[in-house]
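Data block below; observations after.
The values are calculated or read from the model by the stated rules, or taken from the named source; none is laboratory data. Source: prediction; values computed, not measured. Cβ sites come from the backbone with ideal geometry, for glycine too, and all protein chains shown count toward neighbours. Remember, those area values only see protein heavy atoms, side chains included, never the ligands or the DNA or RNA. Shrake-Rupley method; radii C 1.70, N 1.55, O 1.52, S 1.80 Å.
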Amino acid sequence: MIYEVIDINIEYLLRMNELAFDDIRKKLKPGMSEKDAYSILTQSFEKTSSYPFTVEGDIIGGARTADIEGSATDLQFNIGDNLILDIQPMIDGIFCDTARTFFFGKPEHDRIFAYNAVKEALAGLENLLKPGTVMSDIFREMQRLLGEFGLSCPHHAGHVIGLNRAITPDFVENESSVLEEGMLVALEPGVYFEEKFGIRLENNYVITSTECINLFPYPLDINNFIL
């Protein structure tokens, strides 16, 4: 996964994601549905991309956000709901993978608390993104950071991205692979409350000789995601 080989496409894709999230913030409203969100995303990609593309990912709202993953349905959004958009556009076999959580109306305290916990975990995990870090250590640090809020994550802390949709190696408890300079990776901490709601945030990074560069510096302040 050498960054120099695919940097142009990955940055192009990430810019597409930024514009798609911008369109979601402008156009998605209570009363609309998950399929409407998908339509806004695809229309945004069609408007901004000069190349053939495909897009996959999770588009889950309301209590479905607790299910972690899923495709868009006819589920309509109500005030108080939130929406996880975890989108993976691909051009020429190269893809990015970013996620944000949106809220319909001002979120209640429990959702604000969970969002801030995930946001803090994401920021803390960035400190581990450097050559030589064992991937399982990233997973354990995610659980430690979330544990400070009394929370935990049921899935991986992130994964390698770039040249295909297979997300291995990923950052799980028993993964002994290490980060190497030039790797493209994603961090995606999340928390989920059964039959209630879930929160997930995801950025993409390139590993440099000493640290990482965040390739998706899209805003993370919760107020940017209240629809």
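Quick notes
- Nearby aspartates and glutamates by direct alpha-carbon distance to K130 (threshold 12 angstrom, same-chain neighbours under 8 apart not counted): E180, E181, E211
- Carbon/sulfur fraction of accessible area - the chain, other protein chains in place, 1.4 Å, %: 49
- Orientation-averaged projection of the chain equals 11.1 nm² [convex hull of Cα atoms, one quarter of hull surface area].
- Charging the Cβ of each Asp and Glu at -1 and of each Lys and Arg at +1, and nothing else, the dipole of segment 16-55 about its Cα centre rounds to 140 debye.
- With protein chains left intact and a 1.4 Å probe, residues in the chain average 44 Å² of accessible area per residue.
- Whole-number percent relative contact order across segment 1-131, with pairs defined as alpha carbons under 8 Å at least 6 apart: 23
- In a simple Cβ point-charge model (Lys, Arg +1; Asp, Glu -1; nothing else charged), segment 1-140 has a dipole of about 460 debye relative to its Cα centre.
- Only one residue of P217, A20, A123 has its Cα farthest out toward the positive end of the dipole of the chain, where Lys and Arg carry +1 and Asp and Glu -1 on Cβ, and that residue is A20.
- Cut-off 14 Å between beta-carbons: net charge of the residues surrounding E108, Lys and Arg +1, Asp and Glu -1: +1
- Cα shape, segment 133-216, gyration tensor, a/c 1.5 rule: prolate
- Near G70, once Lys and Arg are set to +1 and Asp and Glu to -1 for all other residues with Cβ below 13 Å from its Cβ, the sum equals -4.
- Its Kirkwood hydrodynamic radius, worked out from the mean inverse distance over all distinct Cα pairs, puts segment 1-81 at 14.0 Å.
- Neighbour net charge for E34 - beta-carbon separation under 9 angstrom, K R +1, D E -1: 0
- Candidate lysines for bridging to K106, where Cα separation is under 19 Å - those fewer than 8 sequence places away on the same chain excluded: K26, K27, K29, K119, K196
- The trypsin sites (Lys or Arg not before Pro) of segment 106-214 that DSSP puts in a loop, and whose beta carbon has at most 15 other beta carbons within 10 Å, are R165, K196.
- Protein-only accessible surface at a 1.4 angstrom probe places the residues V206, V134 in the order V134, V206, largest first.
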